[in-house]
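Here's the structure we're looking at; comments come further down.
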Amino acid sequence: MTKILIAEDEPKIREALAGRLRGILGDAALIETAADGGEAIDKALRIQPELIFMDIEMPCKTGLEAAAV
């Protein structure tokens, strides 16, 4: 199973991307979402995703700060 994390602070964009990926991949992927850089770090450490879609400008920690962890 492929694990994907979507880190995006805009709810509409986050849910649209997650929905699109779920429609394409179905049960073949675990898709988690995060609303800010801090949440992205926590979820990434927990699920160990193979692929992360990361927004650069987010609250708490930017995408670049989160990716550096």
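FYI, it's all coordinate maths here, none of it is from the lab. Predicted model, so just to flag it, every value in this text is computed and none were measured. With ideal geometry, Cβ positions are generated from the backbone for all residues, glycine too; neighbour counts draw on all protein chains shown.
Kindly express, to the nearest 10 degrees and within the range 0 to 90, the angle between helix 11-25's C-alpha long axis and the longest C-alpha principal axis of the chain. With rounding to tens, the tilt is 30 degrees. The helix-only estimate of mean residue ellipticity at 222 nm for the chain, built from DSSP H runs of length n ≥ 4 each weighted as -39500 (n - 2.57), is -13500 deg cm²/dmol after division by the residue total. Could you work out how far the C-alpha centroid of the stretch 8-30 sits from that of the stretch 52-69, in angstrom? Value for the Cα centre distance between the two parts: 18 Å. Between THR2 and ARG46, the distance separating the two model label sites (each 7 Å from Cα on the Cα→Cβ line) works out to 2.3 nm.
Axis angle, to the nearest 10 degrees, between helix 37-47 and the longest C-alpha principal axis of the chain: 50 degrees.
Can you tell me how much longer the chain between ARG20 and GLU65 gets when fully stretched, taken as 0.36 nm per residue apart minus their C-alpha distance, in nm with one decimal? If you can, show how the numbers build up before the last one.
On the way: separation 45, 0.36 × 45 = 16.20 nm, distance 2.66 nm.
Contour length minus Cα-Cα distance gives 13.5 nm.
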